[in-house]
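A.B. asks: My questions all concern the structure below.
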Amino acid sequence: MKIREILDALGARLLTPDADLEVDVHAACGSDMMSDVLAYVKDQGVLLTGLNNPQVVRTADMMDMVCIVFVRGKVPGEGILELAAARDIAVLTTEKTMFSACGLLYEKGLRGGTSHV
Amino acid sequence: MSEAITLRYTVPGDDFTRAGEASADVKRNLKRMGVDREAVRKAAIALYEGEINLAIHAGGGEITVTLTPDTIVMLLEDHGPGIPDISLAMSEGWSTAPDEVRSLGFGAGMGLPNMKKYSDRFDIQSTVGVGTTIRMEVDLA
């Protein structure tokens with residue numbers, strides 16, 4: 001699934017205008033606990049979260065994730081967006097709740113990753 | 001590459017928003033040096049968890065990363081309160097982190113287990129009232 005399709009499926013808004021929306025996303029993870037995200041392993045993933053602080057971007061960066069979706073209409077500050085843009089991570093925001101956003105992406109064929117290292 | 005390369009960082013204990021800067025820099029440097037991508041990813045994740053722990057629990061600390069021809073060696077040293085029961089601290093889900101840390105997305109009791117999980121070799125030594133030293137090694141492919 002491409003980032004553009006995630007944007008459409010969630011009725012989301014792109015907050016990093018220079019992001020490449022044609023990048024493929026292979027798996028997703030939804031969590032507000034970054035340590036849980038770090039226990040999950042998969043390249044080119046998308047992180048859905050309601051947490052709004054710089055550690056979200058740092059966590060995504062460490063996991064080689066390519067897209068972050070802020071749920072429940074959360075909009076990160078400029079500093080967070082700049083941090084993400086510098087790492088080529090696309091940032092989206094959607095009014096959908098975590099459950100609904102994950103469900104919509106699952107319905108479109110996106111799956112969770114593996115917990116194996 | 002025939003000689004070891006060493007990177008050193010001081011992690012502040014009073015600024016959680018900056019925690020992770022050292023790990024990000026290590027990742028960037030190792031990638032630039034052409035180190036195996038999977039090894040870099042494992043090392044960066046393990047180091048990031050350790051860096052968060054230094055900021056949350058230890059009041060800061062020191063990170064030393066050494067790249068040898070076949071291994072990434074990461075040493076984390078602090079002079080924090082120490083860990084009374086290491087085996088308990090290593091169990092998934094066990095945490096002493098305060099609520100304010102949980103509100104920042106950490107403190108789920110996954111830090112040390114994740115560090116061990118992403119390391120090929122992991123050693124932790126801790127003395128209450130003295131501090132904690134963790135050594136992690138990730139083998140290059």
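A.B. asks: Out of the residues in segment A:55-80 meeting the condition of being more than 21 Å from B:V40 (Cβ to Cβ) and touching a residue at least 60 places away in the same chain (Cβ under 8 Å), tell me which one is farthest from the other protein chains (Cβ to nearest Cβ).
C.D. replies: In this case the residue turns out to be A:V75.
A.B. asks: Search segment A:83-97 for residues that are part of a strand (DSSP E or B) and pair each with any residue that is of a type in the set (S, T, N, Q) when their beta-carbon atoms are under 8 Å apart and the residues are at least 6 apart or on different chains.
C.D. replies: Pairs found: A:A90/A:T16; A:V91/A:T16.
A.B. asks: So which residues in segment B:91-137 are open to solvent by 80 Å² or more (accessible area, probe 1.4 Å), within 10 Å of another protein chain (Cβ to nearest Cβ) and in contact with a helix residue (DSSP H, G or I) (Cβ under 7 Å, 6 or more places away or on another chain), if there are any at all?
C.D. replies: B:E92, the sole residue that qualifies.
A.B. asks: Check whether at least one residue in segment A:52-75 is crowded, with 21+ Cβ neighbours inside 10 Å and among the acidic types (D, E), and report yes or no.
C.D. replies: Within segment A:52-75, one or more residues are crowded, with 21+ Cβ neighbours inside 10 Å and among the acidic types (D, E).
A.B. asks: When A:S35 is evaluated against the numbered criteria (1) open to solvent by 20 Å² or more (accessible area, probe 1.4 Å); (2) of a type in the set (S, T, Y); (3) within 7 Å of another protein chain (Cβ to nearest Cβ), which criterion, by number, is the only one it fails?
C.D. replies: (1)
A.B. asks: Moving to a separate point now. Within segment A:77-105, which residues are over 18 Å from A:V56 (Cα atoms) and either of a type in the set (A, V, I, L, M, F, W, C) or at pLDDT below 95 (or both)?
C.D. replies: A:F99, A:L104, A:L105
A.B. asks: Then there is this: Condition first: farther than 25 Å from A:N53 by Cα, more than 14 Å from the chain's Cα centre (by Cα) and open to solvent by 60 Å² or more (accessible area, probe 1.4 Å). Now tell me which residues in segment B:6-33 satisfy that.
C.D. replies: B:T6, B:K31, B:R32, B:M33
The values are calculated or read from the model by the stated rules, or taken from the named source; none is laboratory data. Remember, predicted model here, so these are calculated numbers, not experimental data. As a convention, Cβ positions derive from the backbone with ideal geometry for all residues, glycine included, and neighbour counts pool all protein chains shown. Side chains are part of the model used for accessible areas, which takes the heavy atoms of the whole protein and leaves out ligands, DNA and RNA. Shrake-Rupley method; radii C 1.70, N 1.55, O 1.52, S 1.80 Å.
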